[in-house]
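A quick write-up on the structure given underneath.
The values are calculated or read from the model by the stated rules, or taken from the named source; none is laboratory data. Everything numeric here is computed off the predicted structure, so don't read it as measured data. Positions of Cβ are backbone-derived with ideal geometry, glycine not excepted, and every protein chain shown enters the neighbour counts.
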């Protein structure tokens with residue numbers, strides 16, 4: 001899952017950049033525009049939905065995701081509780097959840113999430129409030145607490161060099177920003193990450 005970030009995209013067209021990442025093997029795109037107006041988020045999400053053959057989800061904003069025809073939304077622990085949101089979205093609408101501590105896994109255990117995003121796995125410069133890095137062992141410990149059948153992704157500081165360790169710790173995939181957007185070739189960067197998940 002590649003996560004959009006206007007600072008890391010450095011003025012590049014986000015639709016073209018995401019198209020390249022998907023060509024390299026990204027299987028989901030998350031629209032993350034923390035301080036942008038809803039209208040701007042919806043416009044990008046709608047453009048990506050129309051341009052990409054993979055699910056597009058919107059960070060934090062289920063209302064924007066629904067308005068844009070996106071496949072779902074990703075929620076943090078401080079967002080609208082996922083269990084309260086589920087009855088108000090259509091069947092098949094994806095709801096992902098960020099989890100970073102044992103206490104958060106307890107809180108989320110009964111919530112009907114479609115996946116957990118566990119992290120930060122490693123030190124990351126892209127989310128200053130992410131908390132201390134879990135490392136592969138910490139990731140594995142939290143992944144074991146996920147309800148049966150809930151896939152888990154690793155996120156935070158992941159690149160082609162360490163993605164394999166997170167895969168070995170139980171991740172079905174990873175969420176990345178810098179590993180793809182800081183690369184000169186987003187397709188090649190996505191391909192290298194995808195290689196960790198044969």
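Before moving on, here are some points about what is shown:
- Filter result for residue 113 (more than 23 Å from residue 33 (Cβ to Cβ), in contact with a strand residue (DSSP E or B) (Cβ under 6 Å, 6 or more places away or on another chain) and without any contact (Cβ under 8 Å) to a residue 60 or more places away in the chain): no
- Of the criteria (1) under 16 Å from the mean Cα position of the chain (by Cα); (2) under 20 Å from residue 17 (Cβ atoms); (3) assigned to a loop (DSSP other than H, G, I, E, B), which one residue 171 fails: (2)
- Search result, residues across the stretch 66-81 that are surrounded by fewer than 21 Cβ atoms within 10 Å (Cβ to Cβ) and touching a residue at least 12 places away in the same chain (Cβ under 8 Å): 66, 67, 69, 71, 76, 77, 79, 80, 81
- Test: residue in the stretch 117-128 that is in a helix (DSSP H, G or I) and more than 25 Å from residue 85 (Cβ to Cβ): no
- Flag for residue 25 being touching a residue at least 24 places away in the same chain (Cβ under 8 Å) and on the phi > 0 side of the Ramachandran plot: yes
- Subset tally (residues that are over 14 Å from residue 45 (Cβ atoms) and in contact with a helix residue (DSSP H, G or I) (Cβ under 6 Å, 6 or more places away or on another chain)) for the stretch 20-29: 6
- Helices (runs of 4 or more DSSP H) contained in the stretch 28-99 and holding at least 1 residues modelled with pLDDT of 95 or more and closer than 20 Å to residue 6 by Cβ: 38-51, 62-68
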